[in-house]
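What follows is a set of notes on a single structure, which appears directly below.
The values are calculated or read from the model by the stated rules, or taken from the named source; none is laboratory data. Keep in mind the model is a prediction, meaning the values are calculated, not measured. Quick reminder, even Gly has a Cβ in these numbers, built from the backbone with ideal geometry, and neighbours come from all protein chains shown.
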């Protein structure tokens, strides 16, 4: 059996914030990983394993800030 080079265990929380559009079941997803202070935003979906998969490329810094602002407003409602 091969030798393990590295084993990383981190807890990550995911929020499916809002759909990207009406044609697909893709969402803007907010993720927060223990030990990291900044949220990460990406486009993704819930896969057949009940986990989260990303699609497409990275979201621009400006769009991430916009999404985070909207997310924080929704939390306060």
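Is it fair to say residue 59 is part of a loop (DSSP other than H, G, I, E, B), in contact (Cβ under 8 Å) with a residue 12 or more places away in the chain, under 11 Å from the mean Cα position of the chain (by Cα) and surrounded by 10 or more Cβ atoms within 10 Å (Cβ to Cβ)? It would help to see each step written out before you state the result.
Working: part of a loop (DSSP other than H, G, I, E, B): yes; in contact (Cβ under 8 Å) with a residue 12 or more places away in the chain: yes; under 11 Å from the mean Cα position of the chain (by Cα): yes; surrounded by 10 or more Cβ atoms within 10 Å (Cβ to Cβ): yes.
So residue 59 passes the test.
Looking for something surrounded by 10 or more Cβ atoms within 10 Å (Cβ to Cβ), in contact (Cβ under 8 Å) with a residue 12 or more places away in the chain, under 13 Å from the mean Cα position of the chain (by Cα) and part of a loop (DSSP other than H, G, I, E, B) - is there at least one such residue anywhere in the range 30-41?
For the range 30-41, residues surrounded by 10 or more Cβ atoms within 10 Å (Cβ to Cβ), in contact (Cβ under 8 Å) with a residue 12 or more places away in the chain, under 13 Å from the mean Cα position of the chain (by Cα) and part of a loop (DSSP other than H, G, I, E, B): present.
May I ask you to list pairs of residues, at least six apart or on different chains, whose Cβ atoms are under 8 Å apart, with the first in the range 1-13 being surrounded by fewer than 10 Cβ atoms within 10 Å (Cβ to Cβ) and the second being outside any strand (DSSP E or B)?
The qualifying pairs are 10/34; 10/35; 11/34.
Against the condition at pLDDT 95 or above and surrounded by fewer than 11 Cβ atoms within 10 Å (Cβ to Cβ), how does residue 48 come out, does it pass? Walk me through it before giving the result.
Details: at pLDDT 95 or above: yes; surrounded by fewer than 11 Cβ atoms within 10 Å (Cβ to Cβ): yes.
Judged against the criteria, residue 48 is a match.
Residue 71: assigned to a helix (DSSP H, G or I) and either surrounded by 12 or more Cβ atoms within 10 Å (Cβ to Cβ) or modelled with pLDDT under 95 (or both), yes or no? Full working, then the answer.
Details: assigned to a helix (DSSP H, G or I): yes; either surrounded by 12 or more Cβ atoms within 10 Å (Cβ to Cβ) or modelled with pLDDT under 95 (or both): yes.
Yes.
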